[in-house]
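Take a look at the structure below.
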Amino acid sequence: MDWTTRLTQALDYLEDNLEGTADIEKAAGLANCSLFHFCRMFEVVFTVSPAEYLRRRRLSRAALDIAAGRDKVIDVALRYGWDSPESFTKAFKRCFGITPSEAKAGSAQLEIWPQIRLAVVLKGDRTMKYRIEERAQAEFVGLPIRTTNTENENLKTIPRFWDTKGKDGTVGAMARYCGKLGLLGVCYDYNPADNSFAYAIAIEKGDFPMSALPAGCETIEVPASVFAVFESRGPMPGAIQKLWKDIYADWFPSSDYEHAGTPDFESYPEQDPPELPDDSPEYRTEVWIPLKRKKMF
């Protein structure tokens with residue numbers, strides 16, 4: 001059974017169980033991948049987390065039921081998993097800008113969230129340059145922030161973080177102690193419950209004292225793993241953001257691997273020539289993703 005068929009089964013399962021019973025972990029099982037990998041893949045490909053997609057689909061179905069005028073608001077709220085009409089009303093108004101009562105009265109139009117359907121088979125239309133590399137356990141040291149994939153917030157937060165820390169001298173101070181991998185952007189401590197993760201501007205831990213680094217830096221443990229290492233060339237941040245999407249939309253579906261769930265990272269090695277600007281078409285970066293074999297049926 002191919003990946004798109006399994007993913008379609010997972011999406012159909014979520015849609016068929018909107019009335020309070022859908023389980024994202026079971027959907028991940030139908031897609032034949034871990035919960036971590038399912039959430040990461042879903043967010044990158046569909047630009048929304050499974051939990052947020054499920055919430056919006058439940059609210060959309062609830063809105064249609066309410067607009068039809070056949071049910072009480074409390075009955076609709078309970079049907080789609082809310083434990084009180086008050087919490088349902090708050091969620092409904094955040095989503096649609098009106099209350100359930102206003103929707104029932106037909107006083108405003110509702111813009112519902114449509115069901116995701118895979119109309120085409122996801123496949124790569126070009127080669128992706130990568131290698132498989134095994135690394136021993138390691139430690140990185142970095143300055144972290146916390147961000148989220150929800151509504152692509154990370155695509156704005158992370159470049160802004162690099163820009164701010166470049167201007168205040170933090171990046172330059174850390175770059176003096178870079179190892180072979182160069183400056184790093186490390187993703188770790190992923191929390192599916194609120195769709196957040198930590199991102200750190202980091203370097204490999206070396207013989208230098210922690211006091212030599214900017215205040216707020218922390219140690220990040222990176223377990224031994226087999227990594228897929230993908231190369232990107234192009235202006236930042238667009239080139240590496242596109243590479244992340246290509247990995248999840250094209251490479252993972254056609255491979256025998258899934259994300260291992262441990263820290264992954266971007267590597268910004270020394271350029272050739274060293275003065276190459278990050279808006280150059282030849283600017284080189286790498287994405288390192290820890291792998292594990294997919295379960296086989």
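Any read-out appearing in this document is the output of simple, stated calculations on the displayed coordinates, not a laboratory observation. Being a predicted model, the structure only gives us computed values, none of them experimental. Reconstructed Cβ throughout: ideal geometry from the backbone, glycine too, with neighbour counts over all protein chains shown.
Pulled fully out, how much extra length does the chain show between Thr219 and Asn152, if you take 0.36 nm times their separation in residues and subtract their Cα-Cα distance?
On the way: separation 67, 0.36 × 67 = 24.12 nm, distance 2.65 nm.
Gain on stretching Thr219 to Asn152: 21.5 nm.
Evaluate the distance, in nm, between pseudo-label points positioned 7 Å from the Cα of Glu15 and of Arg56 along their respective Cα→Cβ axes.
So the label points at Glu15 and Arg56 sit 1.6 nm apart.
Give me the number: length gained by fully extending Ser101 to Ala136, i.e. 0.36 nm times residue separation minus the C-alpha to C-alpha distance, one decimal in nm.
Once the chain is fully extended between Ser101 and Ala136, it gains 6.7 nm.
Step through the table entries Lys129/Lys156; Lys26/Lys292; Lys129/Lys242; Lys167/Lys205; Lys165/Lys242; Lys242/Lys292, compare each Cα-Cα distance with 21 Å, and write down the pairs that go over it.
On the way: Lys129/Lys156 26 Å; Lys26/Lys292 19 Å; Lys129/Lys242 14 Å; Lys167/Lys205 23 Å; Lys165/Lys242 23 Å; Lys242/Lys292 23 Å.
From Lys129/Lys156; Lys26/Lys292; Lys129/Lys242; Lys167/Lys205; Lys165/Lys242; Lys242/Lys292, over 21 Å: Lys129/Lys156; Lys167/Lys205; Lys165/Lys242; Lys242/Lys292.
Name the residue farthest towards the positive end of the dipole of the range 3-105 from the options Leu11, Pro100, His37, assuming +1 on Cβ of Lys and Arg, -1 on Cβ of Asp and Glu, about the Cα centre.
Pro100
When Lys and Arg each count +1 and Asp and Glu each count -1, what net charge do the other residues less than 13 Å away from Lys93, Cβ to Cβ, add up to?
Charge balance near Lys93 sits at 0.
Place a point 7 Å from Cα of Ile145 in the direction of its Cβ. Which residues in the range 182-213 have their backbone N less than 16 Å from it?
184-188, 196-202
Once Lys and Arg get +1 and Asp and Glu get -1 on their Cβ, which of Asn152, Pro214, Ala260 lies farthest toward the positive end of the dipole of the chain?
Highest projection toward the positive end goes to Asn152.
Which whole-number percent gives the relative contact order of the range 174-297, counting Cα pairs below 8 Å spaced six or more residues apart?
Computed over the range 174-297, the figure is 32 percent.
What ranking do 212-222, 27-37 get when scored by the average of other Cβ atoms within 10 Å per residue, highest first?
27-37, 212-222
For the pair Glu204 and Glu282, how long in nm is the line joining their label points, each one 7 Å along Cα→Cβ?
Label-label distance for Glu204 and Glu282, simple model: 2.5 nm.
Where the only charges are on Cβ atoms (+1 Lys, Arg; -1 Asp, Glu), what is the dipole of the range 191-267 about its Cα centre, to the nearest 20 debye?
Once rounded to the nearest 20, the dipole reads 240 debye.
Tell me the label-point distance for the pair Thr89, Ala173, using the 7 Å Cα-to-Cβ offset, in nm and rounded to one decimal.
In this crude label model, Thr89 to Ala173 measures out at 5.1 nm.
Compute the relative contact order of the chain as a whole-number percentage, counting only Cα pairs closer than 8 Å that sit 6 or more residues apart in sequence. Don't jump to the answer; show the numbers that get you there.
Details: 479 pairs, mean separation 58.3, N = 297.
In percent, rounded to a whole number, it is 20.
Considering the range 127-275, what Rg and Dmax in Å follow from its alpha-carbon atoms?
Both quantities, over Cα of the range 127-275: 15.4, 45 Å.
Only sites in a loop by DSSP and with at most 16 other Cβ atoms within 10 Å count here; which trypsin sites (Lys or Arg not before Pro) in the range 35-95 make the cut?
Numbers: sites: Arg40, Arg55, Arg56, Arg57, Arg58, Arg61, Arg70, Lys72, Arg79, Lys90, Lys93, Arg94; in loops: Arg70, Lys72.
Qualifying residues, ordered by number: Arg70, Lys72.
Quick check: net charge around Val76, other residues with Cβ under 12 Å of its Cβ, Lys/Arg +1 and Asp/Glu -1?
In short, +2.
Could you state the number of Å between the C-alpha centres of the range 1-29 and the range 235-297?
Answer, in whole Å: 27.
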